[in-house]
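Okay, so here's the structure we're looking at.
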Amino acid sequence: MTIRVAVVGGGPSGSSAAEVLAKAGIETYLFERKLDNAKPCGGAIPLCMVDEFDLPPEIIDRRVRKMKMISPSNIEVNIGQTLKDNEYIGMCRREVLDGFMRDRAAKLGANLINGTVYQLDIPDNDNDPYTLHYADHSNGTAQGEMKTLKVDLVIGADGANSRIAKAIDAGDYNYAIAFQERIKLPEDKMAYYEELAEMYVGNDVSPDFYAWVFPKYDHVAVGTGTMKVNKAMIKDLQAGIRQRAAKRLEGGEIIKVEAHPIPEHPRPRRVVGRVALVGDAAGTVTKSSGEGIYFAAKSARMCAEVIVETSNNGQKVPSEADLKTYLKRWDKQYGATYLVLDILQRVFYRSDATREAFVEMCADIDVQKITFDSYLYKTVVPANPLTQLKITAKTIGSLLRGNALAP
């Protein structure tokens, strides 16, 4: 007899959890509402994710080896000079990445259910099962057929608007909005973005984040993010990035418009009873870079590994204390990364003066090396003390020159 686990949400986080559980022979149910879903998202993945999650080359549309940082006054800094020949940032379409990871989990034995989970009934003791109420869409209708499923554990991988988080009263978090247009460019314009991505900063494109032009398979994703959730403002900011990148986007045709909430920090409660939240549902997106895919998949994998371990490969039901081991490990491994990126966002994204200083700092080779190493390999690489000192001095110098330290 093995335990039964429901994983709600079939994005990179849900699929990663389901894969680990299914491989261990645990009875796993993976729920996904829309099997062709294309989440609005920059779609950038770090090099370490390709290896760690065994992703085949064909799901990566572009290998970005050059990055332009563009300041409020349109000063352009090329970053990426420190990259080795085999290093790159992977750009993928979410519908391709998600579909691949979900199908792989199903092939390994997870029961894939095309369904919308509407309600989770919480048992009043530690032994009884949880009951999921869901609409099964396998009959091809949007309404689906209402069904129930009883399970021992639940993993909520159902994104920023997580119903599982609401069911366990996980608490709220602030969220940002990412807005993006997919734009098909004429061939000559697309050639410019062959292996190049751009990040724009400035009050005109985002008061507290950045805007981007990221290359995809046959188009570019042009978007912006902000914590100031206001429809009129987001329209203005998108107009801002379209204007800043106008020459490069000439002759382009919008093929899709997308928007999505992005959590700003972890939820107050990420494990309650035998329910654990992972990915966006837990709030694993980083500040400053707004990166989510790798951390979503990684948090889910860690959570599933703890379940396999503490259940003795599915032989006994893990307790809340067992599940919380996942949080302890997660916070120990990535706590410092989140803290550093949070400080960076507070310091550098608060005015156009600080943004100018930030872009100036990005021109420095030592800064580029440490930034790319920590992004590509997810380790906050400790530079040697002299380099560290040099970077600190340059940061302060940049801030002073931009009058950015003035309140």
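E76 meets all of the listed conditions (1) under 25 Å from M361 (Cβ atoms); (2) within 17 Å of the chain's Cα centre (by Cα) but one, namely (2). A Cβ distance below 9 Å, combined with a sequence gap of six or more or placement on separate chains, defines the contacts here; from the stretch 309-324, residues that are under 15 Å from R4 (Cβ atoms) reach residues that are surrounded by fewer than 16 Cβ atoms within 10 Å (Cβ to Cβ) and modelled with pLDDT of 95 or more in the pairs N313/G25; G314/G25; P318/E309. State yes or no: is A197 assigned to a strand (DSSP E or B) and closer than 30 Å to T325 by Cβ? No; evaluated as a whole, the condition is false for this residue. Looking across the stretch 23-36, the residues that are at pLDDT 95 or above and surrounded by fewer than 24 Cβ atoms within 10 Å (Cβ to Cβ) come down to K23, A24, G25, E27, Y29.
What about V285, is it buried (at least 22 other Cβ atoms within 10 Å of the Cβ), free of Cβ contacts under 8 Å to residues at least 24 places away in the same chain and not assigned by TED's automatic domain parsing to the domain that holds K378?
Numbers: buried (at least 22 other Cβ atoms within 10 Å of the Cβ): yes; free of Cβ contacts under 8 Å to residues at least 24 places away in the same chain: yes; not assigned by TED's automatic domain parsing to the domain that holds K378: yes.
Judged against the criteria, V285 is a match.
Do we have K189 as of a type outside the set (A, V, I, L, M), farther than 26 Å from D280 by Cα and surrounded by fewer than 21 Cβ atoms within 10 Å (Cβ to Cβ) here? Yes. Residues that are within 24 Å of M146 (Cα to Cα) and either among the hydroxyl-bearing types (S, T, Y) or modelled with pLDDT under 95 (or both) were ranked within the stretch 89-118; the one that is surrounded by the most Cβ atoms within 10 Å (Cβ to Cβ) is T116. Counting just the residues of the stretch 136-183 that are assigned to a strand (DSSP E or B) and aromatic (F, W, Y), which one comes out modelled with the lowest pLDDT? That would be Y175.
Within the stretch 200-217, can you find the residues that are within 22 Å of R94 (Cα to Cα) and either at pLDDT below 90 or surrounded by fewer than 20 Cβ atoms within 10 Å (Cβ to Cβ) (or both)? Show your work before the answer.
Initially, the stretch 200-217 is screened for residues within 22 Å of R94 (Cα to Cα), giving 209-217.
Hits for the stretch 200-217 are F209, K216, Y217.
Of all residues in the stretch 230-248, none that is farther than 12 Å from Y200 by Cβ has its Cβ atom under 8 Å from the Cβ atom of a residue that is hydrophobic (A, V, I, L, M, F, W, C) and in a helix (DSSP H, G or I), 6 or more apart or on another chain. Filtered by the rule that a residue be in contact (Cβ under 8 Å) with a residue 40 or more places away in the chain, outside any strand (DSSP E or B) and out of contact with any Lys or Arg (no Cβ under 9 Å at 6 or more places or on another chain), the stretch 35-60 gives D36, G42, L47, V50, L55, P56. Taken over the stretch 288-315, residues that are over 15 Å from V20 (Cα atoms) and more than 11 Å from the chain's Cα centre (by Cα) amount to 2. The numbered conditions (1) crowded, with 16+ Cβ neighbours inside 10 Å; (2) outside the structural domain of I241 (by TED's automatic domain parsing); (3) of a type in the set (K, R) are all true for R182 except (2).
Checking the structure you have, find out if any residue of the stretch 277-294 is farther than 22 Å from I45 by Cα and part of a loop (DSSP other than H, G, I, E, B).
Here is the first cut: in the stretch 277-294, the residues farther than 22 Å from I45 by Cα are none.
Within the stretch 277-294, none of the residues are farther than 22 Å from I45 by Cα and part of a loop (DSSP other than H, G, I, E, B).
Residues that are part of a helix (DSSP H, G or I), more than 24 Å from K66 (Cβ to Cβ) and at pLDDT below 95 occur at least once in the stretch 218-231.
Take the conditions of a type in the set (A, V, I, L, M, F, W, C), over 27 Å from D172 (Cα atoms) and under 18 Å from the mean Cα position of the chain (by Cα) and apply them to F214. Does it pass? Full working, then the answer.
Values: of a type in the set (A, V, I, L, M, F, W, C): yes; over 27 Å from D172 (Cα atoms): yes; under 18 Å from the mean Cα position of the chain (by Cα): yes.
Considered against the rule, which asks whether it is of a type in the set (A, V, I, L, M, F, W, C), over 27 Å from D172 (Cα atoms) and under 18 Å from the mean Cα position of the chain (by Cα), F214 comes out as yes.
Of everything listed in (1) under 30 Å from I155 (Cα atoms); (2) in contact with a Leu (Cβ under 9 Å, 6 or more places away or on another chain); (3) not assigned by TED's automatic domain parsing to the domain that holds S162, the single unmet condition for K68 is (1).
When restricted to residues that are surrounded by fewer than 20 Cβ atoms within 10 Å (Cβ to Cβ) and not acidic (D, E), the stretch 161-178 contains 7.
Scanning the stretch 106-149 for residues that are in contact (Cβ under 8 Å) with a residue 40 or more places away in the chain and of a type in the set (D, E) gives a single hit, D126.
The values are calculated or read from the model by the stated rules, or taken from the named source; none is laboratory data. Bear in mind that the values here come from a model prediction, so they are computed numbers and not experimental data. FYI the Cβ positions are ideal-geometry reconstructions off the backbone, even for glycines, and counts take in every protein chain you see.
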